[in-house]
Amino acid sequence: MTPLVTLLLLAQSPEQLRTVFPQLAAVRLEGRVGAWARLPLPDAVLSQVDRDLADVRLFDASGKLVPFVVQRERPFEAEQRVWLTQVSASRQETAADPGTPHLFAETATFALPSQRARTPRLEFNSHVSRFVRRAVIEALTEKGVVVARIETTLFRLPGTGERMVVWLPALEKDAQRLRVTLSGQDDGFITPSAVATFAERGPPETTLAWPITPSPQREGTSTVWQLEKPRGIVPMRLSVKTTTPWFNREVTVRSASGELGRGRVFRQAGSTPVERLELPLAAISDEHLEVRIEDEDSPMLEQLELAFVIEQPELVFVTPPSQPVTLFFGGHRTRRAHFDTSDNEVRLPFDLAPAPLGEPQKNPEYVPTSPLAEFRKAGAALEVAPFPLQAWVRGVSGTEVSSVTFTATHAQTMAPDFRDLRLVDGQGLQWPYVLHESTATLPVALTAASAELTGHSAWTFSMGGRVASLTLLPPAGVPYFSRNATLSFAGEGLRPVQVWSGWLTSNPNERGVRTELVLWLDGKARGEGTYTLDLDDGGDAPLNNLSLEAVVKVPQLTALLAAGDYRAVWGVPTLRAPRYDVERVSEVLRELRTTPHEAERAETNPAFIASTWVERTGGVTRWIFWAVLALAVLVLGGLTVRIARADPGTPPPQ
């Protein structure tokens, strides 16, 4: 079993997560345990979920979450691209009745390379500028046995378009030649050449047709649809279906954001009919769409049906040992899943065992309200006077889960591990949260470099928080340089410690690219202190006008907040990190979709009361304890000295 498979089999999720999905369906598995499988999502699922598939999850029989990768199209990975060698050709021109077009038929046979991938994509070329041809493409063995066959239409129509690319089914090694037979009227012989691109993966998309059900309206000479796009689909093309035998109409698709697609759909009658009935669409984010077909003076197309052609996404996963596997979906309450490997990092195999989906059913465990409702409650009262800083979080709507993000400016004044951060409501009660970490960028002011040592220049700057990396930005036009550098840090009352060393090299020859010299730190929590960047200039002139950016760790809180305004308070680094009951369901919180909120700018807490020296060092109780302990030590020490000096013959004091 590969390391990737091992990782994918380890994920699990608490039972509460299954209660947020209103529907489920059984997955029929036929592959062995540990084998890859793919689950195409039918329209019954896509109509109920978000377009990014955030609200779909797979669970095995033991209740564990089964990780998956979303495959929206099967990537076409070319192995080789070759001009096919023509080994034979034949032509035949047939005269029909007087006054009717001649019939032209031609056959070309091409040799296939012996070393190739399985799936060919053929691109035909011809010097003829206008033609329509019925095409029969056959793969032959050395003895002439047909092992694959496809029929299609090739055409090139000026002002309308062309179809010159054909996908063939996967070919086994015994296929040695391709025989291409073209037939059509007029236009003469087209004498095609062919380029083949071979790959281990098939055509790059699997699609579904999503019918458009609203009835159209007539507006002048146009047929117009006003419709709402289902939220769970991502249309790629608009498909037109009609029984009209001959037409050529302009189609336009618009939304509030602008034009999404414009082109002509057509059908040309004749001995070899040719048609184009699909219109490519740009990415659609709006839900309300207008589709307009311009009929001009022609009648409305007969038995007209429209449909969106959508990518049929597939969930690719590893068959778990605990079966069966069930798909839970819908509800629009969970965020998009992120497992050990992202969609773009996994190289999926070509031949995946299909895992069809059973009939969708209602989820008997579904809970319409929050599965974590018992944790939506305030914590203990908090005295805010010791906290010098605060930031308001306003307009919390009380949705299922809320998140609160802070900036790098906030983090500069917090404890490096954010243990001093509290969230308080208007009644002075703290609200439990689960802490996550993210990063934010912060510009750092650099003054002119000081030249304390011969051949060295140094910059000193102060920062708080936890710094993940620093990026040095040389000014535009600076010449090439490569210098050894060190970065040291000194906390309050502490000696400097080196935290990074290496070479900083700037190459101005990369035009159009901002030169960035990144200093990766060890990520330790250092708190507020002073950094010193030292460059060994050698015999070169010191660098000037450098700027610096810092990537700082910042807190992000996930909480079950009631509606209202809150304020975050911090600035007491001696506090211990809080502990809340909601941490027991932190895994479920991470899966649920959150309503984001941003903390306002930091300000002085108006209720702040500065602590005395005694309070900062432990309070009166602690000092009384130490005083009593010191007195006891003195008394015991005095008794010990008295006993040691006493006459051996004298009885010890009672």
The one condition Pro371 fails out of (1) surrounded by fewer than 20 Cβ atoms within 10 Å (Cβ to Cβ); (2) modelled with pLDDT under 90; (3) farther than 18 Å from Ala602 by Cβ; (4) not hydroxyl-bearing (Ser, Thr, Tyr) is (1)
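Is it the case that region 507-517 has a residue that's farther than 30 Å from Ser403 by Cα, modelled with pLDDT under 85 and touching a Leu at 6+ places or on another chain (Cβ under 6 Å)?
We begin by selecting, within region 507-517, every residue farther than 30 Å from Ser403 by Cα; these are 507-517.
Narrowing the set further to residues that are modelled with pLDDT under 85 leaves 507-517.
Restricting the remaining residues to those that are touching a Leu at 6+ places or on another chain (Cβ under 6 Å) gives 517.
Yes, because at least one residue in region 507-517 is farther than 30 Å from Ser403 by Cα, modelled with pLDDT under 85 and touching a Leu at 6+ places or on another chain (Cβ under 6 Å).
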Can you say whether Gly144 is at pLDDT below 85 and small (Gly, Ala, Ser), as far as the supplied structure shows?
no
Among Ala385, Ala411, Ala381, the single one that is surrounded by 19 or more Cβ atoms within 10 Å (Cβ to Cβ) and either in contact (Cβ under 8 Å) with a residue 12 or more places away in the chain or touching an Asp or Glu at 6+ places or on another chain (Cβ under 9 Å) (or both) is Ala411
The condition from (1) part of a loop (DSSP other than H, G, I, E, B); (2) surrounded by fewer than 18 Cβ atoms within 10 Å (Cβ to Cβ); (3) at pLDDT below 90 that Gly465 misses is numbered (2)
Residue count, region 577-599, condition at pLDDT below 90 and farther than 16 Å from Ser402 by Cα, comes to 2
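Considering only region 214-233, state which residues are in a strand (DSSP E or B) and of a type outside the set (D, E, K, R). Step through it out loud before you land on a result.
At the first step, the residues of region 214-233 found to be in a strand (DSSP E or B) are 217-219, 222-228.
Selection gives Gln217, Ser222, Thr223, Val224, Trp225, Gln226, Leu227.
Under the condition of being polar (S, T, N, Q) and within 49 Å of the chain's Cα centre (by Cα), which residue from region 95-136 is nearest to Pro158 (Cα to Cα)? Full working, then the answer.
First pass over region 95-136, keeping only residues polar (S, T, N, Q): 100, 107, 109, 114-115, 119, 125-126, 129.
Retained after the next criterion (residues that are within 49 Å of the chain's Cα centre (by Cα)): 107, 109, 114-115, 119, 125-126, 129.
On the way: Thr107: 25, Thr109: 28, Ser114: 37, Gln115: 38, Thr119: 31, Asn125: 15, Ser126: 14, Ser129: 7 Å.
Result: Ser129.
Does Pro479 satisfy being in contact (Cβ under 8 Å) with a residue 24 or more places away in the chain and either in contact with a helix residue (DSSP H, G or I) (Cβ under 6 Å, 6 or more places away or on another chain) or not in a strand (DSSP E or B) (or both)? Working first, answer last.
Numbers: in contact (Cβ under 8 Å) with a residue 24 or more places away in the chain: yes; either in contact with a helix residue (DSSP H, G or I) (Cβ under 6 Å, 6 or more places away or on another chain) or not in a strand (DSSP E or B) (or both): yes.
Spelling it out, Pro479 is indeed in contact (Cβ under 8 Å) with a residue 24 or more places away in the chain and either in contact with a helix residue (DSSP H, G or I) (Cβ under 6 Å, 6 or more places away or on another chain) or not in a strand (DSSP E or B) (or both).
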Reported set for region 238-254 where residues are surrounded by fewer than 17 Cβ atoms within 10 Å (Cβ to Cβ) and touching a residue at least 24 places away in the same chain (Cβ under 8 Å) is Lys241, Thr243, Thr244, Pro245, Asn248, Glu250, Arg254
When region 388-404 is checked residue by residue, the ones that are buried (at least 18 other Cβ atoms within 10 Å of the Cβ), under 34 Å from the mean Cα position of the chain (by Cα) and either in a strand (DSSP E or B) or polar (S, T, N, Q) (or both) are Gln390, Ala391, Val393, Val396, Ser402, Ser403, Val404
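Just to verify a result, which residue in region 147-162, among those that are in contact with a strand residue (DSSP E or B) (Cβ under 7 Å, 6 or more places away or on another chain) and at pLDDT below 85, is nearest to Phe266 (Cα to Cα)?
Pass one, region 147-162, residues in contact with a strand residue (DSSP E or B) (Cβ under 7 Å, 6 or more places away or on another chain): 147-156, 160-162.
Next cut, at pLDDT below 85 only: 160-162.
On the way: Thr160: 9, Gly161: 10, Glu162: 12 Å.
Per the stated criteria, the residue is Thr160.
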Looking across region 137-151 at residues that are exposed (fewer than 15 other Cβ atoms within 10 Å of the Cβ) and closer than 17 Å to Ala194 by Cα, the single one that is nearest to the chain's Cα centre (by Cα) is Ile150
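Name the one entry in Val69, Val82, Val87 that is within 30 Å of Leu315 (Cα to Cα) and part of a strand (DSSP E or B). If you could, list the steps in order and put the result at the bottom.
Numbers: Val82 fails: within 30 Å of Leu315 (Cα to Cα); Val87 fails: within 30 Å of Leu315 (Cα to Cα).
From the options Val69, Val82, Val87, the qualifying one is Val69.
What number of residues within region 288-310 satisfy the criterion of being of a type in the set (D, E, K, R) and outside any strand (DSSP E or B)? Lay out the reasoning, then the answer.
Restricting attention to region 288-310, the residues satisfying the condition of being of a type in the set (D, E, K, R) are 290, 292, 294-297, 302, 305.
Checking which are outside any strand (DSSP E or B) leaves us with 295-297, 302.
Total satisfying the criteria: 4.
Does region 460-467 contain any residue that is of a type in the set (A, V, I, L, M) and out of contact with any strand residue (DSSP E or B) (no Cβ under 7 Å at 6 or more places or on another chain)?
Filtering region 460-467 down to residues of a type in the set (A, V, I, L, M) leaves 463, 467.
After this cut, where a residue has to be out of contact with any strand residue (DSSP E or B) (no Cβ under 7 Å at 6 or more places or on another chain) as well, the list is none.
Within region 460-467 (the criterion being of a type in the set (A, V, I, L, M) and out of contact with any strand residue (DSSP E or B) (no Cβ under 7 Å at 6 or more places or on another chain)), the answer is no, since none of the residues qualifies.
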Among (1) crowded, with 17+ Cβ neighbours inside 10 Å; (2) closer than 17 Å to Asn545 by Cβ, Ala476 falls short only on (1)
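The values are calculated or read from the model by the stated rules, or taken from the named source; none is laboratory data. All values reported here derive from a predicted model rather than from experimental measurement. Heads up, the Cβs are rebuilt from the backbone with ideal geometry, glycines too, and the neighbour counts pull from every protein chain shown.
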